[in-house]
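Below you'll find the structure, written out as structure tokens, and then a few comments.
The values are calculated or read from the model by the stated rules, or taken from the named source; none is laboratory data. Values in this document were obtained by computation on a predicted structure and should not be read as measured data. Here the Cβ positions follow ideal geometry from the backbone for every residue, glycine too, while neighbour counts run over all protein chains shown.
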Amino acid sequence: MAEDSGYELTPPEGRGPGGEKGGAVRKPRPGDVDFVPPVPIIIKEDEEEVTEAVVVDPDVEKTKLLAILGYGCFLIPLLLAPKSRFARFHANQGLLTQILWVVAVGGVLALWLLNRGMAVLLAERIAILYYFFACIFHVLQPVLLVAALGATIFGIVQAANGLRQVVPLIGHFVLIEEEEAATVVANVAEAEVKGEEKVVTKVEADVKQEEEGTDGHA
């Protein structure tokens, strides 16, 4: 026999373990400490994944490398891809950046010569004024070179990504027209259409002549 522990483990008659009548277990209700709100289960229908189609311009893919090289020499895309609008756009941007390089290097040399001249004129007479301008000149020289380098890197990155983004500050100037390439392509297409129309007209004339000859023999 099991030893009597002194505790009554049997629930009162007519009540279950939870204290509810009929032997049912009492469930936690809102407001109880152990109440856990139910989590709604949402069943989603199968959704088809919509992928955006990336349109790749064949002109960009063919001339991307030439556009990049155009920032080293703008003549490369003009000579190797004269009919490409993308190549001509970056040839224009490359020409502008190369002009900026000329201005930057020329500015650096001009500031150096100006500094040397002021050293002769002001170094012994007005030393404070000379050092003031010398500091300005030494700051402007690297700024010019960094600006030209930054413009070149920006253009190369845009060309490598297949984008037609102008170089800040100077890229809005147009020295190489893109419309020229579009006009050439349009003229070629128009000539091809006219050639096809002439062939069709000639065939129709031959057919009509044959029909007239057949009617005459009949």
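Which residues, taken from the stretch 60-80, are in a loop (DSSP other than H, G, I, E, B) and in contact (Cβ under 8 Å) with a residue 60 or more places away in the chain?
The initial filter retains those residues of the stretch 60-80 that are in a loop (DSSP other than H, G, I, E, B), namely 70-74.
Answer for the stretch 60-80, where residues must be in a loop (DSSP other than H, G, I, E, B) and in contact (Cβ under 8 Å) with a residue 60 or more places away in the chain: Gly70, Tyr71, Phe74.
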*Going through the stretch 143-182 one residue at a time, which ones are at pLDDT below 80 and surrounded by 12 or more Cβ atoms within 10 Å (Cβ to Cβ)?*
Glu180, Ala181, Ala182
*Which pairs have Cβ atoms under 9 Å, sit 6 or more apart or on different chains, and link a residue in the stretch 163-182 that is of a type in the set (Gly, Ala, Ser) to one that is at pLDDT 85 or above and part of a loop (DSSP other than H, G, I, E, B)?*
Gly171/Gln165; Ala181/Ala81; Ala181/Pro82; Ala181/Lys83; Ala181/Ser84; Ala182/Lys83
_Cβ-Cβ under 9 Å, sequence separation 6+ or interchain: first residue in the stretch 142-161 and touching a residue at least 40 places away in the same chain (Cβ under 8 Å), partner in a helix (DSSP H, G or I) and among the charged types (D, E, K, R). Which pairs?_
Ala159/Lys64; Ala160/Lys64
